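Student: Provided herewith is a single structure, encoded as structure tokens, for subsequent inquiry.
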Amino acid sequence: MDKNLALLLTIGVSAAIGAAFGILRSKIFASKVKTTLHYLFYLFSALLFLLACYGASVSWGSAQTLIIVSFISSIGLAAATWFFLVVKDIYKTKELDPKVNKFTNSADRSEIKLFGGDLNFFGNTPTDMDQNSQYIALKARGFRRVSILCEESSEPITHIRYGKILADMPGAEIRFYDPSNADLSVRGRIAQVHGVDKLLMYVKVESGRYQALETDTANSNGALYTKIWNLVWSLTKKPSASEIDGFKQRFRNGR
């Protein structure tokens, strides 16, 4: 093959691969959720590394620079993929608190909606809750309405947590879903920031570590989570006035 033609084809293929991975990278970041698409970067890194190994075995003397650059490129791409597409947005609990509190403090005071689970992320006991950074920030913000989706539980300690929230925040309302039938497997908050709906969602990836992503309803995933919250809220059980009084009484009695 003519050397000039080979050079043009090589440039064309390189440009095409670069453009394809640029589009893929943009799609991964735009999705606002972790996907498995980053494995394509790992696959390309592995293929390039193996190709460099083959080149080193057959053409080391005549292509040392190219082979070394190929090794560096394959390792660099794998490292960048791991850092930016895997561990990015992963936080330890103490690292997550400032991000959640920043979101809470920037929100309009009209309403905040919580994916709450059993609310133990605020702490297990009232004393824990009074010392919890997220709980302190939520309470201090003074939202007119705090809407919380909770797991329906028969555990007294959980009822005490419900009672404390209802006693501390006059605008709080809780509704129950059955975790055995509707495990949301996500925690987070939905609020308006300068009149625009914003979401901060986080999921546990391992003990003490969470993936947290901030988005809005202009993003398809943000719009979907908002619709899920609204749908689940409309279908959940609303505790009666006597049940609410019982939660508050348990909190006051401490049992």
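Student: Looking at R252 and the list (1) over 19 Å from I112 (Cα atoms); (2) surrounded by 15 or more Cβ atoms within 10 Å (Cβ to Cβ), which single condition is not satisfied?
Tutor: Failed condition: (2).
Student: Filter the stretch 136-166 down to the residues that are within 12 Å of F251 (Cβ to Cβ) and buried (at least 16 other Cβ atoms within 10 Å of the Cβ) and list them by number.
Tutor: The answer is T158, H159, I160, R161, Y162, G163, K164, I165, L166.
Student: Scanning the stretch 211-249 for residues that are farther than 17 Å from Y162 by Cβ, hydroxyl-bearing (S, T, Y) and surrounded by fewer than 16 Cβ atoms within 10 Å (Cβ to Cβ), which turns out nearest to the chain's Cα centre (by Cα)?
Tutor: Among those that are farther than 17 Å from Y162 by Cβ, hydroxyl-bearing (S, T, Y) and surrounded by fewer than 16 Cβ atoms within 10 Å (Cβ to Cβ), it is S220.
Student: In the stretch 230-249, what count of residues is obtained for those that are assigned to a helix (DSSP H, G or I) and modelled with pLDDT under 90?
Tutor: Residues flagged as assigned to a helix (DSSP H, G or I) and modelled with pLDDT under 90 within the stretch 230-249 amount to 6.
Student: Same structure again: Show the residue pairs meeting these rules: Cβ distance below 7 Å; 6+ apart or different chains; first residue within the stretch 225-247 and closer than 17 Å to P156 by Cα; second residue of a type outside the set (A, V, I, L, M) and part of a helix (DSSP H, G or I).
Tutor: F247/H159; F247/Y162; F247/G163
Student: Additional query: Would you tally the residues in the stretch 198-224 being touching a strand residue (DSSP E or B) at 6+ places or on another chain (Cβ under 6 Å) and without any contact (Cβ under 8 Å) to a residue 40 or more places away in the chain?
Tutor: The qualifying residues number 5.
The values are calculated or read from the model by the stated rules, or taken from the named source; none is laboratory data. Model, not experiment: these values are computed from the prediction. Positions of Cβ are backbone-derived with ideal geometry, glycine not excepted, and every protein chain shown enters the neighbour counts.
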